[in-house]
Structure formats: structure tokens, C-alpha cells
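Below is one structure, written out as C-alpha cells; the observations come after it.
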Amino acid sequence: SHVSYSTFSGQGNSSSTGVLAIDISILLNGLDASTFPGPVLIKGSEITVSYEISNIGDFRLVDVLVIDDEFGNVGAYDSLDVGESITFKLEEIVREGNFSSVGKVSARRESSLNVCNDQSTFYYFGKTGPEEIPEFPTFFAPILVILGLAFMFQRKRM
């Protein structure tokens, strides 16, 4: 997570000193996936991508917007108080191979045009699942039993 911090110092009666900051953490099925190559997942399975957003600054934030490079608009939230957190969730299908995406959050200070933002990259490796063993056709079973018995009786005659 790469948090951008801004420190504000006001003058006179409009004094407001503090840090404007927001944080985003992304989890895949509840697991941290911020380190390459990320978890190994089965291609075609469903995964929950959770975007955890926290106001880690000293000011109330408004117009919170979360977007993802791969999935587009994740969600928006009207306001986030100091110390408050929210989570947005997406259900996605695992793709084959190395996968990465960047989730981004932005918000602005209430009653101000000052903006803060953060981003986080997540990874996974999608692999093909265990190959299914083809089901043995049941009509072959009696034929194989008969052939096996015939072979055994043939050997006894010799």
C-alpha cells in the first residue's frame, strides 16, 4: 500500500493542522495477496476480492471512490470518519496464469478540495485443476469379467 500523506497548517482562526490520509488493503478470500506471485488458485473457481478502506488521517473524508485496473468501478462511499473503515467486495472468477491488478482509492477532505489517495497491487496464480479421471463405462465391466473368466478357463485346459 502506498499512502500519500498531506500535512496541513492553517493560519489565524481557520487553523487546522493534521494529516490527510487514506489506506487500501486488498484481500483474496481473506488472504493477503500483495506479494508476487500470490496464492495459487484453481482456474474457473470463484474468489472474493475484498477492498478494505481506512481513514488513517486526522480529517473526515468525503466522496470516497474505489476503482480497480481490471474490474473497473468497485464502489463509492459518501463519508468516512477519522479511524473508520469500510469494505467493498467483488465476486470474480479465477483466470489462468499469473494475474495482477491495482486497486485505487481516492477521497477528499470534507469542506475542502484537498484530495488523498492510495493504491495496492494484488496477485494470484491461476492453475488448471486436477485432471478429472474419465468415468469408466459400466457396460465394459461385464465384458471384462467374461473375458477374464474365459482366459482363466483356457489356461486350466492347457
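Every number in this text was worked out from the coordinates using simple rules, so none of it is lab data. Please read these numbers as outputs of a predicted model, since none were measured by experiment. Every residue, glycine among them, receives a Cβ derived from its backbone with ideal geometry; neighbour counts consider all protein chains shown.
Data table
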{"read-out": "Pair list, Cβ under 9 Å, 6 or more apart: the range 45-72 residue in contact (Cβ under 8 Å) with a residue 40 or more places away in the chain and over 17 Å from Ser25 (Cα atoms), other residue part of a strand (DSSP E or B) and acidic (Asp, Glu)", "value": "Glu46/Glu91; Glu46/Glu92; Val62/Asp78; Asp63/Asp78"}
{"read-out": "Residues of the range 40-59 satisfying the condition of being of a type outside the set (S, T, N, Q), surrounded by fewer than 16 Cβ atoms within 10 Å (Cβ to Cβ) and part of a loop (DSSP other than H, G, I, E, B)", "value": "Lys43, Gly44"}
